[in-house]
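Note sheet for the following structure.
The values are calculated or read from the model by the stated rules, or taken from the named source; none is laboratory data. Model, not experiment: these values are computed from the prediction. Note that we place each Cβ from the backbone using ideal geometry, even for glycine, and neighbour counts take in every protein chain shown. The accessibility values were calculated without ligands, DNA or RNA, using every heavy atom of the protein model including side chains. Shrake-Rupley method; radii C 1.70, N 1.55, O 1.52, S 1.80 Å.
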Amino acid sequence: MLKILLPAFLLLSGAPAPTTTPATTPPAPAASPVLAVAGSATPLKLTAELLHRLPRKQVSVPASEHGPAASFEGVALRDLLTEAKVPAGHDIRGPYLSWVVTVDAADGYRAVFALAELDPAFTDRLVLLADTRDGKPLPPNEAPLRFVVPDEKRPARWVRQVTHLTVGPACGK
Ligand SMILES: Nc1nc2c(c(=O)[nH]1)N[C@H]1C(S)=C(S)[C@@H](COP(=O)(O)O)O[C@H]1N2
Ligand SMILES: [Mo]
């Protein structure tokens, strides 16, 4: 009996739990995600200040097999590209038709969007880079930014924990 009660007593008394698991150091605070454009030396830092200076967009997503209904807010990826001087509209021609935005996440997950998929001259769909869910900062498994693509039924490109956006030619030319 004493053997069973002793560990519980140690936990309740605040004494270190008798465990062999090594202590882990907390992760360093994440630097701002960045958007880098081919041929441009300075990447755009996706700071909270920038994300609040650009037009804010809000989208409500219904409940599905993937999760409960949610309301996301953030900025359109296209508006970030414009901030970074990436061609838009009628300028998306010739080589720019094969330009893509590569999205990298903290866990190594990757996805791409083509410039033409993001542009209001081609489509009305919204590709949102969200920084809040239901009016609150994103939870740790989604922060600091996550994609929301309401028109896409499979949320496979709804990349969470975005760290880098890289914009440039799909096949390096
Ligand atoms: N960083 C990251 N984002 C990701 C994934 C992932 O493995 N890593 N999985 C994708 C897939 S396949 C799905 S179905 C959705 C699930 O989103 P949820 O975890 O918010 O439900 O996240 C997408 N975004
Ligand atoms: Mo998925």
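Within the stretch 93-111, the set of residues being aliphatic (A, V, I, L, M) and either in contact with a helix residue (DSSP H, G or I) (Cβ under 7 Å, 6 or more places away or on another chain) or away from ligand 2 (no atom under 16 Å from the Cβ) (or both) comprises LEU97, VAL100, VAL101, ALA106, ALA111. From HIS66, HIS90, grab the single residue that is touching a helix residue (DSSP H, G or I) at 6+ places or on another chain (Cβ under 6 Å) and open to solvent by 40 Å² or more (accessible area, probe 1.4 Å). Only one candidate passes the filter, namely HIS66. Of the residues making up the stretch 69-87, just one is open to solvent by 20 Å² or more (accessible area, probe 1.4 Å), small (Gly, Ala, Ser) and either within 16 Å of ligand 2 (Cβ to nearest atom) or outside any loop (DSSP other than H, G, I, E, B) (or both), namely SER71.
For the stretch 142-161, what are the residues that are of a type in the set (D, E, K, R) and either within 10 Å of the chain's Cα centre (by Cα) or within 20 Å of LEU80 (Cα to Cα) (or both)?
Those that are of a type in the set (D, E, K, R) and either within 10 Å of the chain's Cα centre (by Cα) or within 20 Å of LEU80 (Cα to Cα) (or both): GLU142, ARG146, ASP151, ARG157, ARG160.
Where strands (runs of 3 or more DSSP E) sit wholly within the stretch 128-173, those with at least 2 residues that are more than 9 Å from ligand 1 (Cβ to nearest atom) occupy 128-133, 162-169. Among the residues of the stretch 152-173, those identified as within 16 Å of ligand 2 (Cβ to nearest atom) and charged (D, E, K, R) are GLU152, LYS153, ARG154, ARG157, ARG160.
Note on the stretch 127-150: residues that are open to solvent by 40 Å² or more (accessible area, probe 1.4 Å), more than 16 Å from ligand 2 (Cβ to nearest atom) and out of contact with any strand residue (DSSP E or B) (no Cβ under 6 Å at 6 or more places or on another chain) amount to 6.
Candidates are the residues of the stretch 93-126 that are out of contact with any Pro (no Cβ under 7 Å at 6 or more places or on another chain) and part of a helix (DSSP H, G or I); the one that is most open to solvent (accessible area, probe 1.4 Å) is LEU97. Pairs are defined by a Cβ separation below 7 Å, a sequence spacing of at least 6 or placement on different chains, a first member in the stretch 150-173 that is under 17 Å from ARG78 (Cα atoms) and without any contact (Cβ under 8 Å) to a residue 12 or more places away in the chain, and a second member that is away from ligand 1 (no atom under 14 Å from the Cβ) and among the β-branched types (Val, Ile, Thr); no pair meets this definition.
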